[in-house]
1. Stretched out fully, how many nm does the piece from Gln88 to Gln128 gain, at 0.36 nm a residue minus the Cα gap?
2. Leaving ligands and nucleic acids out of the surface, order Ser182, Ser122, Ser161 by accessible area at 1.4 Å, largest first.
3. Please arrange Val152, Val118, Val158 by accessible surface area, largest first, computed with a 1.4 Å probe and ligands excluded.
4. For Trp204, Trp83, give the ranking by accessible area with the largest first, probe 1.4 Å.
5. Could you work out how much longer the chain between Ser202 and Ser77 gets when fully extended? Use 0.36 nm per residue separation minus the Cα distance between them, nm to one decimal.
Amino acid sequence: MDLSPAQQKAVFVLVVVVLAALGYWLILPKLSHSGGNSAAAASTSPAPSAPASAPAEGPASGTPAATGTASPTAAGSVNIYAWLPFTQQDLADAASATEKFSVDYNTFTYTESPAAYVAKMSGLITGQLATTLQASYSTPGVAALRTSQKQVSTGTAVINSLRGFGPTSLTFIVTTGQRLVSSRGTTNGSTQYAVTVTGSGSNWQVDDIELASAGNS
């Protein structure tokens with residue numbers, strides 16, 4: 001089921017808390033048993049002050065040793081994806097589709113037709129978005145400028161964060177780069193977008209792209 005914005009924020013907060021706890025439990029044993037810090041070793045050595053044979057002689061003295069070894073294992077077994085409507089592999093596949101699309105979105109040449117521009121994104125975008133992008137690429141003023149200046153653009157993309165999610169959709173914040181070579185010289189720029197992908201498993205397609213500042217969730 002879809003989560004409301006408030007529920008999504010609650011899940012993110014919970015994930016942050018769990019990861020912080022995980023880091024604490026993984027680091028604490030290393031600090032307490034490190035041989036590189038003699039002062040730390042001296043300060044922690046009184047805790048297991050019972051003789052080496054104590055664990056076998058009485059359950060009370062064996063308790064500290066048991067908790068010291070069990071905590072990292074327990075913390076390490078936490079699976080935050082059990083609380084989310086997608087798996088770790090789902091997230092990786094969705095992110096991969098988002099990055100590929102974002103690169104293609106800013107990659108074009110003045111000799112390329114609108115149909116050819118959209119065709120290279122086949123499989124990465126929904127039919128509705130394909131129609132929208134082809135119409136945008138064909139806009140008379142934009143197309144005329146692209147041709148007259150002989151523009152050739154190369155795109156790059158980096159995912160910055162996950163803005164929102166649901167059982168069948170994920171919205172990523174992506175910073176796209178563009179190197180534009182034309183008859184007027186070479187320019188480099190970047191723009192941040194909110195890119196929404198829909199699907200499941202390994203089948204994800206970009207359904208929407210908007211400026212990140214416009215709010216797309």
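1. Here the segment from Gln88 to Gln128 would lengthen by 11.6 nm.
2. The ordering from most to least exposed comes out as Ser122, Ser161, Ser182.
3. If we order Val152, Val118, Val158 from most to least accessible, we get Val158, Val152, Val118.
4. Highest to lowest solvent-accessible surface, that is Trp83, Trp204.
5. The Ser202-Ser77 span can extend by a further 42.5 nm.
The values are calculated or read from the model by the stated rules, or taken from the named source; none is laboratory data. Keep in mind that what you see is a predicted model, and the values were worked out from it rather than measured. SASA here: full protein model, heavy atoms, side chains in, ligands and nucleic acids out. Shrake-Rupley method; radii C 1.70, N 1.55, O 1.52, S 1.80 Å.
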